[in-house]
Amino acid sequence: MKHQLKVLADNQPAVMERLLQVTRYRGFNVTALNMQQVKTNQQLEFSLVLDSERPIKLLLSQLNKLVDVTKVYLTDTVVKSKTKKIFESNMQSSLVTAHESKIASA
């Protein structure tokens, strides 16, 4: 099952490494990751999409125990993602246009 998390953490050198390490140790695969600085530049916001059959509560409790983590939000349970297909389709269209080619279906 896929889950989407938002994690707010202090902007410290190794905070992302610790976050990913705990995620891996708990048996979750990261399928998407985004990080950005919050306006104050003292905190970072991580958005993660995770995949695992394990209960998400296991990971949430462990992430909340990390010293630099301020808040963990379970934002959504992702049922199915079409991002990869849309990206591949757009990439294919761009290549066809750039090379003035046509797509031949088999």
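Please give the contour-minus-distance gain from LEU20 to GLN62: 0.36 nm per residue of separation, less the Cα-Cα distance, rounded to one decimal in nm.
So the chain would gain 14.0 nm between LEU20 and GLN62.
Its Cα gyration tensor gives the stretch 18-77 an equivalent ellipsoid. The semi-axes, each the square root of 5 times an eigenvalue, are 20, 13, 10 Å from largest down.
Rounded to the nearest 20 debye, what is the charge dipole size of the stretch 2-79 about its Cα centre when +1 sits on each Lys and Arg Cβ and -1 on each Asp and Glu Cβ?
Working: 10 positive and 7 negative charges, 35 e Å.
Here the stretch 2-79 has a charge dipole of around 160 debye.
Quick note: the coordinates plus some simple rules give every number you see, no bench work behind them. Computed from a prediction, not measured in an experiment: that's the story for all the values here. Please note: Cβ atoms are built from the backbone with ideal geometry, for glycine as well, and neighbour counts cover all protein chains shown.
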